[in-house]
Amino acid sequence: MSKPKILVARAVFPEVIARLEQHFEVEANQADDSWPKAELIARLQGKDGAFTTGGDRIDAEVLAACPQLKICANMAVGYNNFDLDAMTAAGVLATNAPDVLTETTADFGFALLMATARRITESEHYLRAGRWTKWSYDMFAGSDIHGSTLGVLGMGRIGQGIAKRGAHGFGMKVIYHNRSRLDAALEAECKASYVSKEELLKTADHVVLVLPYSPASHHTIGAAELALMKPSATLVNIARGGIVDDAALAAALRDKRIAAAGLDVFEGEPMVHPDLLAVSNVVLTPHIASASLPTRLAMASLAAANLIAFFNDKRPLTPLNTAVLAIK
Ligand code: GLV
């Protein structure tokens, strides 16, 4: 029997490609070319499955052009690159890569928070530019992490990881807001108190965004929300571009309406709003929150395992639209 055909849309670990080749006829992209939509469609035509990353948009147009497609396995926990309704309507299974990246991403959220509050990258640029000529009492004086109030917006697995690091590691008071409140046991584990979004923005010293992107969360933080924050507060976004209005944030940073921001994700990335590049009180990283080598390998392996399990016995590990499985 011939093997199912799959497309791996971006370069991945060679050992993952080798594993996929044991089960599938694989078209890979180890040159890591960026394919325009028309090329993605052309390459997906005739494929039974796809290994995708968060930048590969699978929507109604792609699905209509690729009727043979049965599954797209995302190497990301976020899946806003999938039009899930269209995939379900087309009978195409979607899977993501949750859990394996939780602790690594929470570590990074904390690293970005610390770099932002303690002005680490800004001070390094100053030093490298040869501008450090003497000590001064307020040179790069930032804000404290320990003992401050951490506001976590979006309290899923990664948000909980950040809350625990803050509460248990740094003695922070943790407040959170989420679509639904955690049960009492989880709140106690995270030492976190539930508050409204408005209270969180008004009272937190450090706000960390960890909520999924959807049209409903578009510009969750815009000019009005930034205006609620303390002038001494910091904002960290490790969630998704589009959750923050980047132009409004750049203006708030420029006018020192908040102290600083740390951003790993951007509207329209890999483009970055030029106004953000023009302000010094922002730490900018290129969407690397899950990027430890073991975690990226675990994410790729989970995406591959989803493809293998789906074609073996229709029991993928982390399906998103299980309704599709019922009709397969
Ligand atoms: C990364 O952004 C992910 O969603 O895994």
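Bear in mind that the values in this text are calculations on the coordinates, not laboratory data. Everything quoted here is computed from the prediction, not taken from an experiment. Positions of Cβ are backbone-derived with ideal geometry, glycine not excepted, and every protein chain shown enters the neighbour counts.
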Rounded to the nearest 10 degrees, the helix 14-23 long axis (Cα) sits at an angle to the longest Cα principal axis of the chain of 30 degrees
Lys and Arg at +1, Asp and Glu at -1: neighbours of ARG10 with Cβ under 10 Å from its Cβ sum to -3
Within the chain, the percent of DSSP beta bridges that are antiparallel, given to the nearest 5, stands at 5 percent
Ordered by fewest other Cβ atoms within 10 Å, a rough proxy for footprinting exposure, ASP85, ASP138 read ASP138, ASP85
Rounded to a whole number, the Stokes-Einstein D of the range 1-119 in µm²/s (Kirkwood radius over Cα pairs; 25 °C; 0.890 mPa s) is 158 µm²/s
Here the gain from full extension of ASP144 to ASN312, 0.36 nm per residue of separation minus their alpha-carbon distance, amounts to 55.2 nm
Kirkwood radius from Cα pairs of the range 161-243 plugged into Stokes-Einstein at 25 °C, 0.890 mPa s, gives D in µm²/s equal to 183 µm²/s
Percent antiparallel among DSSP beta bridges confined to the range 98-223, rounded to 5, stands at 0 percent
Taking 0.36 nm per residue of separation between GLU61 and HIS125 and subtracting their Cα-Cα distance, the length gained on full extension comes to 18.5 nm
Treating only Lys and Arg (+1) and Asp and Glu (-1) as charged, each at its beta carbon, one finds that the range 102-284 has a dipole about its Cα centre, in Debye to the nearest 20, of 360 debye
Going fewest to most other Cβ atoms within 10 Å around each Cβ, ILE221, ILE145 line up as ILE145, ILE221
Placing each pseudo-label 7 Å from Cα in the direction of the beta carbon, ALA323 and GLN30 end up separated by a distance in nanometres of 4.0 nm
With the 8 Å Cα cutoff and a minimum separation of six or more residues, the chain has a relative contact order in percent of 18 percent
Simple spin-label estimate for LYS3/LEU293, 7 Å along Cα→Cβ, in nm, reads 2.6 nm
For the range 102-284, the Debye formula with one identical point scatterer on each Cα and no solvent gives log10 I(q)/I(0) at q = 0.10, 0.13, 0.17 Å⁻¹ as -0.37, -0.62, -1.05
Filtered hits (lysines, Cα-Cα < 29 Å from LYS191, offset >= 8 within chain) -> LYS164, LYS173, LYS202, LYS230
Answer in debye to the nearest 20: the dipole magnitude of the range 245-328 about its Cα centre, from +1 Lys/Arg and -1 Asp/Glu charges placed on Cβ, is 400 debye
Dipole check, the range 102-284, charges on Cβ (K,R +1; D,E -1), about Cα centroid: among HIS146, LEU186, GLN160 the Cα furthest to the positive pole belongs to HIS146
For the range 95-209, one quarter of the surface area of the C-alpha convex hull, expressed in nm², comes to 9.3 nm²
Largest first and rounded to whole Å, the semi-axes √(5λ) derived from the alpha carbon gyration tensor of the chain read 39, 22, 18
Site TRP132, offset 7 angstrom along Cα→Cβ, radius 20 Å on amide nitrogen, limited to the range 244-288, gives 280-284
Fewest to most Cβ atoms within 10 Å: PHE110, PHE51 sort as PHE110, PHE51
With +1 at each Lys and Arg Cβ and -1 at each Asp and Glu Cβ, the charge dipole magnitude of the chain around its Cα centre, to the nearest 20 debye, comes out at 440 debye
Taking every C-alpha to C-alpha distance in the range 185-328 and binning by 10 Å from 0, the per-bin percentages run 10, 31, 28, 20, 9, 1
So the FRET efficiency between ALA224 and ARG179, C-beta based with R0 = 22 Å and rounded to 0.05, is 0.65
